[in-house]
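What follows is a short report on a single structure.
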Amino acid sequence: MKATSDERAAAAGAAHALAARLAALETRDTLRFAMCGSVDDGKSTLLGRLLAEAGMIPDDRLAQMVRDSKTHGTQGGRPDYSLLLDGLEAEREQGITIDVAWRYFGTDKRAFIVADCPGHAQYTRNMASGASNAELGIVLVDARAGVQTQTRRHTAILAMFGVRRVLFAVNKLDLIDYNHARYHAIEQECIKLAQDLGVDAADAIPVSAINADNLVAHSPKTPWYTGKPLLEYLETVQVERKVDEAFALSVQWVNRPNHDFRGYAGTITGGRVAPGNEVVVLPSGRLSRIARVIGGDRDLESAEAGQAVTLTLTDQIDVARGDVIADPALPPDVAAQFACHLLWLDDAALLPGRRYLMKLATRVLGAQVTEIKHRIDPDTQAHLAATRLVANEIGYCNLSLDAEVAFRPYQQDRRLGSFILVDRESNATVGCGTLDFGLRRDSNVHWQQLDVDRVSRARIKGQAPRCLWFTGLSGAGKSTIANLVERRLLADGFHTILLDGDNVRHGLNRDLGFTDSDRVENIRRVAEVSKLMMDAGLIVLVSFISPFRAERRMARDLIGESGFMEVFVDAPLAICETRDVKGLYAKARAGKIANFTGIGSPYEAPESPEIHLHSDRESAAESAARVVKVLID
Amino acid sequence: MRILRETVAACKKPVLLYSIGKDSSVLLHLLLKAFHPARPPLPMLHVNTTWKFREMIEFRDRVARETGVKLIEHINQDGVKQGTDPVNDASKHTYVMKTLALRQALAQHGFDAAIGGARRDEDPARAKERVFSLRGAGQSWEPRKQRPEPWGLFNTRLAQDETLRVFPLSDWTELDVWLYIRREGIEVVPLYFAKQRQTFVRNGALLVRDDERVPLEPGEKLVPKTVRFRTLGCWPLTAAVESDAADLDGIIAEMLDTRQSERAGRVIDRDPADSMERKKREGYF
Ligand SMILES: Nc1nc2c(ncn2[C@@H]2O[C@H](COP(=O)(O)OP(=O)(O)O)[C@@H](O)[C@H]2O)c(=O)[nH]1
């Protein structure tokens, strides 16, 4: 059958409409927002309802929600829209949401990526992931309660993570009978709060998630509200997209398919780049020029922030993963010490002086917090004194890295100004933070240039400086063997010094106790002293239980791989306990010494010590002879 | 591309999990772009359940030939010996031929990072998945050990026996995938496009018979219908939808006013809504 002209016209019209829609979809932008609220403010209900009302939830999922509402809904069998969002079994069973959930929806005008941040006790940790990439924050407020401590906390964290615009969704308006005066008071309070916390722009919307008031259409129950319904607000809100104007790219991968091509792949963090532009490579400071900008499989005339590209340079210079290629007119700063905000994520506390790995853009290197300046009270933003940070606490700290890196302050550039800290033993991500400014300590406290150095001092002694680090349980034989080794060395004409744990604690370290942070400081001082002694050209013998791998690693890092020899004096706990030279095991067993290594506190055996002695199988003299042999060879 | 590059730069032995579907096609396309002019420095792995549509296998072999990316095919031979049956015991078939098979293949080759095309919008159970998802010994997934990823700063450090699953398309939606395929002119398996095919109905699902292994039951008969697929898997487990969408614009138009979720077409997902999480714990993704 032939199509009638009406049918043909309809088909052409449909094709036309589709083409227009596709064009709209191709050019629409994406808004990332974080959604926060305390437990029971109605966040899940609001989001679920918004998606459903906007026609974003497929029929089969809506039907399932209606079915599930009968069995585990909270609405007495009526549709419970919060069920549209619940995912994990564990969470359903406990009836709580435990982690940031990512939601996606869109209209023809905009696509939305929602970080749905749970509001319970772990909120800070969870909000960090959500707020870090958000351009807008939505804070739920229960109309019955108004601004609460949690409201303040959520807004403060959004502000700290650089979210410049906040929308307060004042929910459960049905429960205050859509009272304008009450809403108005809450609105004023919210806007003032946002201003106090330094948020650039703040708005409020009166809603009822349960009744879908002001979600996609104006509610007849709030004739006094003249602003936009929530969905339209989201479609049209202008957010400041903070990207740095000056070009920078952090090198992710060096692309070398053959000898003729050497490209630097990465994502542009700021500005724009084109062939011919002059660039500087940081931290080395070498200058060059862009030869090609490659996007995918073609050459581009230019590329801008956000694009993943591959650059080639006109000169053969050394560029590695983690380096930053930048505009030499406005280059990022270079520093190895920083003032930063740090949010602690791990259940084990942050201890100043402990060594972690830091990842900043694509660079990974050793880092330690040298000082906690203060902790920030989440409710009042007051500065509190602190010696450690536990999970969910935020501190203002000094951070020291093993080498210089290129960076920008976080408020200027989120990508080059943010970092995570990783634990070297557990590999967990234990902290995250934002860089404020570089400390020029390195350049202010100049290293005194010394004419006579370690090598020349050691040469006249006819030896190479070394640090022999004896570790093992109390009673394993560390001190006995270290003593024997020193006597042998002295007899052979070597210059030595022996640092014994107990003795050092009577003098240099007598202000330190046995808390975790004191232990770290204890080891740090001993390692620093050992290093000075090595500079004096000596062979240093350290006899310390040093039960934790992380501590010994810190000593190794401070002293330097080449001079450090870990000597593991190994004997089973049972044998050490029968030896019990100082009567300490008996006391520990009797409960008189807390945290005694081997009894109340673990000993982490070295994984690959330079020397491994078995003091239960060989005599102290045999062990000592082995150490001397390894040292002299 | 940033995520793909990060995986290759930071992991020792990564692999692309290639499922032949549209998401895999997009991933492969991104991979070729991310490493151009070099060839992507990793192979792709296809876990073959032996029940894939023939058109999928042809497509896979041609893509491997044309791109020059090394293809590793893994079939769980124990499963083949036991003889699993997707028709009568779908969950067991999926577990043995897909979940177990994938674990075998990853362990056998010692891959420490497997890149997959899963997206967070597919299912509420995936909404909290990380981009770099940590798997413990035996490739188990422990919700508590997952690492926060602020600013997209991914921690890729692994202990012995730990591996990563990497999902570069986490933040994409099904619509994003199709729009990207259209914009970049990426080729996908023709089964996604409507065409007249021989169909029959079993347990309420509209199936397209791809080979003779499944005999028709009394009362069932083959009917030619114009159908297409929204997702691709084992043919007896993948329901077709009646559709006229014969090209990309048609598919997108259909999706814009469709009222069914993508997974409605997967026969194995008809169990309780929690099943995704359980499968994930077992290592399905
Ligand atoms: N009366 C009323 N109750 C609401 C409204 N929004 C949510 N609730 C109820 O508040 C409770 C908590 O909602 P839920 O969405 O689970 O809160 P969440 O913890 O913030 O995700 C539920 O019992 C909801 O039914 C509203 O607008 N009006």
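The values are calculated or read from the model by the stated rules, or taken from the named source; none is laboratory data. Only a predicted model underlies this, so the values are computations on that prediction, with no experimental measurement involved. No Cβ is skipped: glycine too gets one built from the backbone with ideal geometry, and neighbour counts run over all protein chains shown.
Restricting region A:170-222 to residues that are among the small types (G, A, S) and part of a loop (DSSP other than H, G, I, E, B), the residue that is farthest from the ligand (Cβ to nearest atom) is A:G198.
The single residue among A:V529, A:V569, A:V540 that is under 30 Å from A:L351 (Cβ atoms), in contact with a Gly (Cβ under 7 Å, 6 or more places away or on another chain), modelled with pLDDT of 90 or more and of a type in the set (V, I, T) turns out to be A:V569. The strands (runs of 3 or more DSSP E) found entirely in region B:112-211 that carry 1 or more residues being over 22 Å from the mean Cα position of the chain (by Cα) are B:195-202. The set of residues in region A:175-203 being surrounded by fewer than 17 Cβ atoms within 10 Å (Cβ to Cβ) and touching a helix residue (DSSP H, G or I) at 6+ places or on another chain (Cβ under 7 Å) consists of A:G198 alone. Just so you know, in region A:40-57 the residues that are more than 6 Å from the ligand (Cβ to nearest atom) and within 14 Å of another protein chain (Cβ to nearest Cβ) include one that is surrounded by the fewest Cβ atoms within 10 Å (Cβ to Cβ), and it is A:G55.
For first residues located in region B:72-101 and closer than 21 Å to B:L17 by Cβ, partners that are hydroxyl-bearing (S, T, Y) and lie 6+ apart or on another chain with Cβ distances below 6 Å form the pairs B:H93/B:T84; B:V96/B:T84; B:M97/B:T49; B:M97/B:T84; B:K98/B:T49; B:T99/B:Y284. Contact map, region A:30-46: residues that are in contact (Cβ under 8 Å) with a residue 60 or more places away in the chain paired with residues that are of a type in the set (K, R) and within 6 Å of the ligand (Cβ to nearest atom), Cβ distance under 7 Å, separation 6+ or inter-chain. Pairs shown: A:M35/A:K43; A:G37/A:K43; A:G42/A:K172.
Quick check on my filter: what residues within region A:234-274 are modelled with pLDDT of 90 or more, touching a Ser or Thr at 6+ places or on another chain (Cβ under 8 Å) and surrounded by fewer than 20 Cβ atoms within 10 Å (Cβ to Cβ)? Of everything in region A:234-274, those that are modelled with pLDDT of 90 or more, touching a Ser or Thr at 6+ places or on another chain (Cβ under 8 Å) and surrounded by fewer than 20 Cβ atoms within 10 Å (Cβ to Cβ) turn out to be A:E235, A:F261, A:R262, A:R272, A:A274. Without any contact (Cβ under 8 Å) to a residue 60 or more places away in the chain, within 29 Å of the chain's Cα centre (by Cα), surrounded by fewer than 20 Cβ atoms within 10 Å (Cβ to Cβ) and within 11 Å of chain B (Cβ to nearest Cβ) - does that describe any residue in region A:320-342? Checking region A:320-342: not a single residue is without any contact (Cβ under 8 Å) to a residue 60 or more places away in the chain, within 29 Å of the chain's Cα centre (by Cα), surrounded by fewer than 20 Cβ atoms within 10 Å (Cβ to Cβ) and within 11 Å of chain B (Cβ to nearest Cβ).
Right, A:R488: at pLDDT 90 or above and closer than 18 Å to A:A624 by Cα or not? Reasoning before the result, please.
Working: at pLDDT 90 or above: no; closer than 18 Å to A:A624 by Cα: yes.
Spelling it out, it is not the case that A:R488 is at pLDDT 90 or above and closer than 18 Å to A:A624 by Cα.
Checked against (1) within 24 Å of A:R415 (Cβ to Cβ); (2) within 11 Å of the ligand (Cβ to nearest atom), A:A159 passes all but condition (2). Among what's in region B:155-171 and is hydrophobic (A, V, I, L, M, F, W, C) and surrounded by 21 or more Cβ atoms within 10 Å (Cβ to Cβ), pick the residue that is farthest from A:I113 (Cα to Cα). Filtering region B:155-171 for residues that are hydrophobic (A, V, I, L, M, F, W, C) and surrounded by 21 or more Cβ atoms within 10 Å (Cβ to Cβ), the one farthest from A:I113 (Cα to Cα) comes out as B:L164. Within the bounds of region A:378-386, is there any residue that is at pLDDT below 90 and under 30 Å from A:V254 (Cβ atoms)? Checked region A:378-386: no residue is at pLDDT below 90 and under 30 Å from A:V254 (Cβ atoms).
Residue-wise test of (1) within 14 Å of chain B (Cβ to nearest Cβ); (2) at positive phi; (3) assigned to a loop (DSSP other than H, G, I, E, B).
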position	(1), (2), (3)
A:P378	no, no, yes
A:G395	no, no, no
A:R424	yes, no, yes
A:G431	yes, no, no
A:D436	no, no, no
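Take region A:343-355 and flag every residue that is within 13 Å of another protein chain (Cβ to nearest Cβ), assigned to a loop (DSSP other than H, G, I, E, B) and buried (at least 17 other Cβ atoms within 10 Å of the Cβ). It would help to see each step written out before you state the result.
Within region A:343-355, the subset within 13 Å of another protein chain (Cβ to nearest Cβ) is A:343-347.
Restricting the remaining residues to those that are assigned to a loop (DSSP other than H, G, I, E, B) gives A:345-347.
Listed by number, the residues that qualify are A:L345, A:D346.
In the condition set (1) more than 24 Å from A:A382 (Cα to Cα); (2) within 16 Å of the ligand (Cβ to nearest atom); (3) within 14 Å of another protein chain (Cβ to nearest Cβ), A:Y123 is compliant with all but (1). The residues of region B:172-191 that are crowded, with 20+ Cβ neighbours inside 10 Å and more than 13 Å from chain A (Cβ to nearest Cβ), listed by number, are B:V188, B:V189, B:L191.
Residues considered: B:T231, B:T238. Of these, the only one that is closer than 23 Å to B:S19 by Cβ and in contact with a Phe, Trp or Tyr (Cβ under 8 Å, 6 or more places away or on another chain) is B:T238. A:H72 meets all of the listed conditions (1) modelled with pLDDT under 80; (2) within 11 Å of the ligand (Cβ to nearest atom) but one, namely (2). If you go through region B:28-59 and pick out every residue that is within 14 Å of chain A (Cβ to nearest Cβ) and either of a type outside the set (G, A, S) or buried (at least 20 other Cβ atoms within 10 Å of the Cβ) (or both), you end up with 14.
Residues that are over 30 Å from the mean Cα position of the chain (by Cα) and either within 14 Å of chain B (Cβ to nearest Cβ) or of a type in the set (A, V, I, L, M, F, W, C) (or both) within region A:230-273 comprise A:L230, A:L231, A:R256, A:P257, A:N258, A:H259, A:D260, A:F261, A:R262, listed in sequence order.
Conditions tested, residue by residue: (1) more than 30 Å from A:R459 (Cβ to Cβ); (2) under 38 Å from the mean Cα position of the chain (by Cα).
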| site | (1), (2) |
| --- | --- |
| A:S479 | yes, no |
| A:N483 | no, no |
| A:L490 | no, no |
| A:F494 | no, no |
| A:V526 | no, yes |
| A:G537 | no, no |
| A:R556 | no, yes |
| A:A574 | yes, no |
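Contact map, region A:584-610: first residue surrounded by 14 or more Cβ atoms within 10 Å (Cβ to Cβ), second residue among the aromatic types (F, W, Y), Cβ cut-off under 6 Å, separation 6 or more or different chains; pairs are A:A588/A:F596; A:T597/A:Y603; A:E604/A:F548; A:P606/A:F568; A:P609/A:F568.
In the set (1) among the small types (G, A, S); (2) within 16 Å of A:V100 (Cα to Cα); (3) facing another protein chain (nearest Cβ under 8 Å), B:S133 fails one condition alone, (3). Tell me which residues, restricted to region B:73-92, are under 30 Å from B:T7 (Cα atoms) and either of a type in the set (D, E, K, R) or crowded, with 17+ Cβ neighbours inside 10 Å (or both). B:E73, B:N76, listed by residue number.
Which of the residues that make up region A:356-367 are touching a helix residue (DSSP H, G or I) at 6+ places or on another chain (Cβ under 8 Å) and surrounded by fewer than 22 Cβ atoms within 10 Å (Cβ to Cβ)?
Within region A:356-367, the subset touching a helix residue (DSSP H, G or I) at 6+ places or on another chain (Cβ under 8 Å) is A:362, A:366.
Scanning region A:356-367 gives a single hit, A:G366.
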